Ligand code: B12
């Protein structure tokens, strides 16, 4: 393992430099394991999260880091499949119908990828049928929904109903600016989180519950 280059990768993700993406490609071509690359990107995001919480980084930096990290992870994904790294779980993640906000979803999903989950980002304005189809096709353990509008969050229970009707056993997690723990409970979602670190905690808990019930 080239720890010097991996350290450089960590630094460039934290500093949201495009160079991180080229460096990832280079490391993978030189035979670095995708697992180590992912570990470093995840570590970088952890530090970015801490900087955000400490008000050292603001939303713009968070978004830039999320974007760079996502592009690095995308480079590593084909190799992950080859290495058959055991992922923490499979998540299908979309912004619900009528809503085009995707910055929060992208950030949360890159943190989840960093935490070892295989995340299929199915985009924005996703209707119930598409959530059902994608959850089935990807054999999802978890379905994650984002909404930034107080109008579109009302579509979340429709998705939960459709998943249940289709017999899909995946756990559901909801989030986004207008969504609350109380709302999540009312609509029968299995979980809610306010931010990316909370999402990792909830999704890890889901996976433990799934393993216990096997
Ligand atoms: C950027 C933005 C836009 C961009 C979106 C660009 C994009 N690609 O996403 C554009 C300009 C397109 C836009 C459009 C609109 N917007 Co807008 N937008 C915003 C703004 C300024 C920032 C949102 C954002 O990205 N925040 C940053 C991210 C990191 O935060 P976040 O999304 O909340 O995500 C975090 C958490 O919520 C959580 N999270 C998010 N999703 C999930 C999912 C899960 C599963 C979990 C666990 C956690 C989680 O983790 C994230 C990271 O911490 C907000 C104001 C605000 N302060 O939020 C308004 C805001 C959301 N928009 C608003 C409105 C009204 C609109 C429009 C209707 C405006 C219009 N009249 O056309 C349209 C809607 C279009 C549509 N159909 O969706 C309102 C919503 C009001 C409401 N209560 O419904 C807001 C609150 C502005 C306001 N104060 O009025 N918008």
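Overview of values
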| item | result |
| --- | --- |
| Rounded if a/c under 1.5, otherwise prolate or oblate - region 41-114, Cα gyration tensor axes | oblate |
| Rounded Å value of the spacing that divides the Cα centres of region 17-58 and region 142-165 | 31 Å |
| Sequence-separation-based contact order of region 1-85, relative, with Cα cut under 8 Å and 6+ spacing, percent | 39 percent |
| Sequence-separation-based contact order of the chain, relative, with Cα cut under 8 Å and 6+ spacing, percent | 17 percent |
| Tail beyond 24 Å, pair distance distribution of region 5-136 (Cα, percent) | 31 percent |
| Region 108-214 shape via C-alpha gyration tensor axes, a/c threshold 1.5 | rounded |
| CD proxy at 222 nm, helix term only [per DSSP H run n ≥ 4: -39500 (n - 2.57); per residue of the chain; nearest 500] | -18500 deg cm²/dmol |
| Cα shape, region 111-151, gyration tensor, a/c 1.5 rule | oblate |
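FYI, it's all coordinate maths here, none of it is from the lab. This is a predicted model, so every value here is computed, not measured.
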